[in-house]
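Asks: There's a structure below that I have some questions on.
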Amino acid sequence: MALNSKNKLQAFERLFEEYGIGSIDKAMLNLALSLYIKLRKTGIAIDDGDLLIAAYCIRNNLPLVSNNVKHFEKLENLQVVNWA
């Protein structure tokens, strides 16, 4: 596993518990962790909350709407839309 990936999964779980988002499940947390590991291997870091949002969009086949397209463009299988 990538450096600190176990700690990152625990951080994702704490975010889930803190905000009580009912539509996030363990599989989605694992997807967020997978995204984190892939990005870290290339030296890219994205905030935990953004990784969870991206995982939610990927898992539910939804576009992510953001003015910061460059921030999310390295994530595979994520459609990013800029409405600006």
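Read-outs: derived from the displayed coordinates by stated rules, not from any lab. Bear in mind the structure is a predicted one, so any value in this text is a computation, not a measurement. Positions of Cβ are backbone-derived with ideal geometry, glycine not excepted, and every protein chain shown enters the neighbour counts.
Asks: Stokes-Einstein D for the stretch 5-81 at 10 °C, 1.306 mPa s, Kirkwood Rh over Cα pairs, in µm²/s? Don't jump to the answer; show the numbers that get you there.
Replies: Details: Rh = 12.5 Å.
The estimated diffusion coefficient comes to 127 µm²/s.
Asks: Please work out how much length the chain gains when fully extended from A84 to R14, using 0.36 nm per residue of separation minus the C-alpha to C-alpha distance, in nm with one decimal.
Replies: Values: separation 70, 0.36 × 70 = 25.20 nm, distance 3.24 nm.
Working it through step by step, the gained length comes to 22.0 nm.
Asks: Answer rounded, prolate or oblate for the stretch 40-84, using the Cα gyration tensor with square roots of eigenvalues a ≥ b ≥ c: rounded when a/c is under 1.5, else prolate when a/b is larger than b/c, else oblate.
Replies: On the way: a/c = 1.76, a/b = 1.28, b/c = 1.38.
Note, shape of the stretch 40-84 comes out oblate.
Asks: What chymotrypsin sites (Phe, Trp or Tyr not before Pro) in the chain are in a loop by DSSP, with at most 14 other Cβ atoms within 10 Å of the Cβ? Mind showing how you got there, number by number?
Replies: Numbers: sites: F12, F16, Y19, Y36, Y56, F72, W83; in loops: W83.
Sites meeting the loop and neighbour criteria: W83.
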